[in-house]
Amino acid sequence: MKRNLKIAGIMLLVVSLSFIFMAGCAKKEVVKEETLMAQEEKAAEAQAAEKETLSTEQELAQKALEEKERLLQEAAAFEDVYCDFDKYDLKTESRDTLRKHADWLLNNTGFQVILEGHCDERGTREYNLALGERRSESVRDYLINLGIDTGRLTTISYGEELPLDPTHTEEAWAKNRRVHFVVVTEKK
Amino acid sequence: MRKIGLLIIITALLWSSPVWGKVYIDINAPAFQRFPVAIPDFKSLDEQDDTEKLSTKFSNSLAEALKMTGFFRVIDKNAFIENKDEAGITADTINFHDWSIIGAEFLIKGGFQYSNENLSIEFRLFGVVEGDLIVSKKYWGTLDEMKIMIQKFTGEILLALTGEPSVFGTKIAFTGKKGKTSDIYTINFDGSDLVKITNNKSLTVLPHWSHDGKQLAYTSYRRMNPDLYVMDLSNKEVKTISRFKGLNLSGPWSPDGSNILLTLSKDGNEEIYMLDLETKKLNRLTNDPAIDVSPTWSPDGSKIAFVSNRSGSPQIFVMNVDGSKVRRLTYEGRYNTSPSWSPKGKVIVYEGVTNGSFQLFSIADDGSNFVQLTFENGGCEYPTWSPDGRYVAFSSGEKGKIRICIINSNGLNLRVLHEEPGMEAIYPTWSPRLQLY
C-alpha cells in the first residue's frame, strides 16, 4: 500500500509537472502565435500599402506619360512661322503665333524645342544655309524675350534642302520659307 | 582610284624644239580663236597589220582630248589632201603646204608600235606655217595606258603653246543629293573615275580640297548638327574639325594649307572665321550683325572675298585676311553670291540673279571688267576655278536634275561633266593638280 502511494505520488508529480510543463508550453505557443500573426498582419498590411502606392505611382506615371504624349501631339501641331523671300524678320502674325507657342512652353516646362530654319529653292544653297539659321535665330531670340529659358532652345538650318512642298510655285515657296518647331521631352 | 603601276611610262624628248619661240597665245582673251589643228591617223611603225584599228583610235582619242580642253578646233579628216602612203611623220617627209591649204595651223603626227601587249607611241606637234617641230614625245606602256599617253601629250601641247599644261590630272569634288540625303563624290576632269567618298546617310555638303589634294573638308549633318569634318583621302579617316552649336560651314583651305575658312553661327549670327589647323586657333574675321558667309581666298592668301547682306541684300565684299578694309565689290543686281577667286589673278566669278535665274558673272577684284559668262536656261550656280585659271565648273539645271558643267573662263565651250538621273550634282569644287598617273 505504502508502495502504491509512493507510485501514485510520483505519478501525481509527473502529471502535475507535465501539466506545468504543458501549461508552460501552451502559454508560450500562444504568445508565439500571437507574435507571428501580428508580424504577418503587419507585413501583409505593408505589402498591401506598398501595392497601393505602386499602383498609384504606375498610374501616375502612366497618366504623366499619356499627358506628355498628348502635349507632344499638341506641340506637333504647332503652326510654322513663315518668312518673306530673303528675309528673317518676324511678321506681326508670326509674333502672335510665337506668343501662343511661348505660352505653351511656359506652361509645359518639361519640353525642349529644336527650331528648324528652312528656305525656298530660289536662293543660293550655301547662302540659304545661313539664311535658314538666321530665321531660326530670329524665332529663338523672340522666344527668349518672351521668357523661355535659352537652354531649352536649339537652332538648326536645313537651308533649301528639305522643302515641305517640292513643287515650283509661289504657294510652295511661301510654305517652304518657314521655321518649324520640333518639340521634344527634356533630356535628363 | 586607279593607280597605274604596271609599266612606268617613260617620256623622251625626241628632238629639241629650237624654232618655236615661246610667244604664248593668250587663250583667255575674248578674241581668242581656237587653234585649228589637223590630226591624221597614226602610222604603224613596225609595218604590222593594224588589226585593232589603233591608227584611227589614237588620232580620234587625241582629237577628243584636245577638244575637251576647249582650245582646239580639230579639222575634219575628210578635208585632208595629203597622200597618206607617201607622207611620213617627220618634218622632211611632210608637205606642209597640204596642211596650210586646208586651214590647219598645227599638225600632229603620230606613230606607234604594238606587240605582245606592249605599246609605244610617239607624237610630234608641228607648226604648219613654218614647218617647224614644236614638241615631240615618245611613251612606252600597255594598250590600257593609251589614254594616259594621250592626256600626257595633250598636256605637252598646251604647255608648248600656252605656257601651262592641261588639267587632265585634276578632279572635281561635288555633293550628290538623292532625296533627303547627300554625299561627296569625286570625278576626273575628263568625266571618268566617279567615286563616292562619304556614306553618311544624312546631308553632307560643301566639299573643299586641301592645298595638296590629299584631304577633303566638308560639312555633314550626321550628328544632327551641321559640323565640319576633314577626311584623309588615302585611308578615309575622318577627323571632326569644328562642332559648335549651329552652323559649321566648310570653306576653302588657305593657299599655303595652314588655315581653313569656315562660317560659324556660334556667337549668335553667321560670321566668317579662320581656323589654324596646326594650333587650332580660331580667328573671327567678320563682325557684323548681318549674314556673312561663302569666303574665298585671293591666290596670294592676302585677301578674302565673301558674301554679306549687310547692305540689305546678298552682295560680294572683299576684306584683308585679318578682317580689315572691308569693301563692297558688286553693285550690279540685287542678289550676288558664291564668289570664287581665280587662282591666277584678279578675277572673281560669282552667281547673280538676272531675269529670274542665276547666271555666272566675272568681275575684277577692283570692280572693273564686269562680264556675264553664262546664259543657260536652267541657271548656273556655285562656280569653281580650275587650278590653271582657264576653266570654271558649276552646277546647272532645274531642281531635281542638276548636273555639273565646265566652261572656259571666257564662258565658251560648255561641256557636261557629270549628269545622273535622280541626283542633284551641286557644290562642285576643283582640286589642285594631282599625281593621278
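This ranking places B:Cys405, A:Cys83 by how few other beta-carbon atoms lie within 10 Å of each, fewest first, which gives B:Cys405, A:Cys83. Normalised by the number of residues in chain B, the average gap of Cα pairs under 8 Å and 6 or more apart makes the relative contact order 11 percent. From its DSSP helices (H runs of at least four residues, each -39,500 (n - 2.57)), chain B gives a residue-normalised ellipticity at 222 nm of -2500 deg cm²/dmol.
Think of chain B as a dipole: +1 on every Lys or Arg Cβ, -1 on every Asp or Glu Cβ, centred on the Cα centre; then among B:Val238, B:Gly352, B:Gly378, B:Val238 lies furthest on the positive end. When the P(r) of the protein assembly as shown is calculated, the portion above 48 Å amounts to 35% of the C-alpha pairs. Mean projection of the Cα convex hull over all viewing directions, computed for region B:114-178: 7.2 nm². Under the simplified labelling scheme, the B:Lys236-A:Val184 pair shows an inter-label distance of 2.8 nm, with each label point 7 Å from Cα along Cα→Cβ.
Taking the number of other C-beta atoms within 10 Å as the exposure measure, put B:Thr170, B:Thr162 in order starting with the fewest.
Numbers: B:Thr170 22, B:Thr162 19.
If I rank by nearby Cβ atoms, fewest first, I get B:Thr162, B:Thr170.
3J(HN,Hα) along region B:323-330: x, 8, 6, 6, 9, 7, 9, 9 Hz, from the Karplus curve 6.51 cos²θ - 1.76 cosθ + 1.60 with θ = phi - 60°, whole Hz, x for Gly and Pro.
Straight-line reach from B:Lys152: taking Cα to Cα under 19 Å and skipping same-chain neighbours fewer than 8 places apart, the aspartates and glutamates in range are B:Asp41, B:Glu64, B:Glu122, B:Asp144, B:Glu164, B:Asp190, B:Asp193, B:Asp388. Starting from the Cα gyration tensor of region A:36-188, take the square roots of the eigenvalues, sort them a ≥ b ≥ c, and report rounded, prolate or oblate (rounded when a/c is under 1.5, otherwise prolate if a/b is larger than b/c, else oblate). Prolate, since a/c reaches 1.5 and a/b exceeds b/c.
Pairs exceeding 22 Å between alpha-carbon atoms, taken from B:Lys57/B:Lys196; B:Lys280/B:Lys325; B:Lys67/B:Lys171: B:Lys57/B:Lys196; B:Lys280/B:Lys325. The calculated P(r) of chain B, using every Cα pair and 20 Å bins from 0, goes 24, 50, 23, 3 in percent.
Each residue of region B:373-383 was assigned a 3J(HN,Hα) from its phi angle through the Karplus expression (A = 6.51, B = -1.76, C = 1.60, θ = phi - 60°), giving 8, 10, 9, 8, 4, x, x, 9, 9, 6, x Hz with x at Gly and Pro. Shown here is the pair-distance distribution of region B:176-275: with all Cα-Cα distances grouped in 5 Å bins from zero up to the longest one, the shares run 3, 13, 23, 25, 19, 12, 4, 1, 0 percent.
Rounded, prolate or oblate: which one fits region B:54-98, using the alpha carbon gyration tensor with axes a ≥ b ≥ c (rounded when a/c is under 1.5, else prolate when a/b beats b/c, else oblate)? Since a/c reaches 1.5 and a/b is larger than b/c, the shape of region B:54-98 is classed as prolate. Shielding of peptide B:427-434 by partners, expressed as the average count of other chain Cβ atoms within 10 Å per residue Cβ, is 0. Here the Karplus curve 6.51 cos²θ - 1.76 cosθ + 1.60, taken at θ = phi - 60°, turns the phi angles of region B:298-310 into couplings of 6, x, 8, x, 8, 10, 9, 9, 7, 9, 9, 9, 4 Hz, with x standing for Gly and Pro. Mean partner shielding of peptide A:133-142, defined as the number of other chain Cβ atoms within 10 Å of each residue Cβ, is 3.
Readers should treat all values here as calculations from the given coordinates under stated rules, not as data from a laboratory. These figures come from a predicted structure and were not determined experimentally. Positions of Cβ are generated from backbone atoms using ideal geometry, with glycine treated the same way; all protein chains shown enter the neighbour counts.
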